[in-house]
Amino acid sequence: MEGNKIRKLRSSKGISLNKLSEITGISKSYLSLLERGIQKNPSLEIMQKLALSLDVDPEVLFRSDTFNSDHEGAIPSKKIVKLQVEFSEEDVQMGKYDRVKELLDIISNKNAK
């Protein structure tokens, strides 16, 4: 288990070390040891408490490929977003179609990189 992952998850959720200690019932000093990689083998009970408190699947804390620090929380490296857009005749006449199409093109180009 990589302790830095716990720190990144905690920080991305805006939870202080003190607050995580309160939520989980795990001492602040033990959590600090985990985050700094000094304590490396927490019990499954502690891992479950951390996962529940950080709102992630417990396996996320064990796997090294599930956390992307550029995004909130634990997510896959590529995220698929389904988008449904509906337009009325009024919307098309107001030029909204062109603006939405431009936005979709920007998103598509960004994801292609």
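Taking label points 7 Å from Cα along the Cα-to-Cβ direction, LYS28 and PHE62 give a separation of 3.1 nm. Counted residue by residue at 0.36 nm each, then reduced by the alpha carbon distance between them, the extension gain from SER43 to LEU104 reaches 17.4 nm. Here segment 1-61 has 47 percent of its accessible surface on carbon and sulfur atoms, given a 1.4 Å probe and all protein chains in place.
The Cβ shell under 11 Å around LYS28 holds other residues with a net charge of -1, Lys and Arg each +1, Asp and Glu each -1.
The values are calculated or read from the model by the stated rules, or taken from the named source; none is laboratory data. As the structure is a computational prediction, the values presented were derived from the model and not from experiment. When we count neighbours, we look across all protein chains shown, and the Cβ atoms used for this are built from the backbone with ideal geometry, even at glycine. Heavy atoms of the whole protein, side chains included, go into the accessibility calculation; ligands, DNA and RNA do not. Shrake-Rupley method; radii C 1.70, N 1.55, O 1.52, S 1.80 Å.
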